[in-house]
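The values are calculated or read from the model by the stated rules, or taken from the named source; none is laboratory data. Bear in mind the structure is a predicted one, so any value in this text is a computation, not a measurement. With ideal geometry, Cβ positions are generated from the backbone for all residues, glycine too; neighbour counts draw on all protein chains shown. The area values use the complete protein model at the heavy-atom level, side chains included, leaving out ligands, DNA and RNA. Shrake-Rupley method; radii C 1.70, N 1.55, O 1.52, S 1.80 Å.
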Amino acid sequence: MTHDVFDQIFAIMEASFPESERRTYAGQKNLLADPHYRLITKKNEQNRIIAFMAVWEFSSFRFVEHIAVDSTIRGGGLGRKLMEAYIGESSKPILLEVEPPDTELAKRRIGFYERLGFCLNPFEYVQPPLQEGQPDLPLQIMSYPEPLTETAFSLYKEDLYEKVYKLAKRA
């Protein structure tokens, strides 16, 4: 991946996610060396990146860490098309993190994923800090194509903490 392509992706990431939900520039770039990590991009006619998905591929499931569309064209169905294409790539379960449904924006995001077939799971979950000095972030896990059992949730959570967040085993 070229420096320019990464910069375009990171610019959309910065505009789309609060600091607590993304890594530093260097931290994000370091992920490119991880064989489980993959960036999926969509470009416009001028060959500029207008949307991306940052995903993790594991033997038993897939994890969508980020999906974002350039703010100037949001709402046109591109995010849905990216997710539908990703869903169609494999029959493995897909997980993603969302904010609890405490705000209208969080409820709309959850509704977006539910319309794609994702299920909101009720289990307690926190995203470990993505940058030094930040607190854990209370989130919820959504899963596709069905809700998770508590046992499956615990196993997936352990994998996320170890492989995505690079933590030792946590409760």
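For the range 51-68, backbone nitrogen atoms closer than 16 Å to the point 7 Å from GLU146 Cα along Cα-to-C-beta are found at 61. When the Cα positions of PHE52, LEU148, ALA106 are compared along the charge dipole of the chain, PHE52 comes out farthest toward the positive end, with charges on each C-beta of Lys, Arg, Asp and Glu.
On full extension of the chain, what length is gained from ALA106 through TYR25, given 0.36 nm per residue of separation minus the C-alpha to C-alpha distance? Taking 0.36 nm per residue and subtracting the Cα distance, the gain is 26.6 nm.
Annotation: amide H of ARG74 has no partner in the under-5 Å range at sequence separation 5 or more or interchain, hydrogens built in the peptide plane.
When restricted to Cα atoms, the range 51-171 yields an Rg and a Dmax of 14.2, 41 Å, respectively. When only the Cβ of Lys, Arg, Asp and Glu is charged (+1, +1, -1, -1), the dipole of the chain relative to its Cα centre reaches about 400 debye. Solvent-accessible area of the range 60-171 (1.4 angstrom probe, protein heavy atoms only): carbon and sulfur portion equals 52 percent. Simple point charges give the picture: +1 on the Cβ of Lys and Arg, -1 on the Cβ of Asp and Glu, and for the range 16-94 a dipole about the Cα centre of about 120 debye.
Which of the three applies to the range 106-150, rounded, prolate or oblate, going by the alpha-carbon gyration tensor with a ≥ b ≥ c and a/c under 1.5 meaning rounded? It comes out prolate by the Cα gyration axes. Rounded to the nearest 5, the antiparallel percentage of DSSP beta bridges internal to the chain is 90%.
Per residue, the chain exposes 53 Å² of accessible surface when a 1.4 Å probe is rolled over the protein heavy atoms with every protein chain present.
Across the cross-link table entries LYS43/LYS81; LYS107/LYS166; LYS29/LYS166, which are compared at the Cα atoms, the separations over 21 Å belong to LYS107/LYS166.
In the range 48-75, which residues have a backbone nitrogen under 17 Å from the label point lying 7 Å from ARG38's Cα in the Cα-to-Cβ direction? Output list for this probe position: 52-68.
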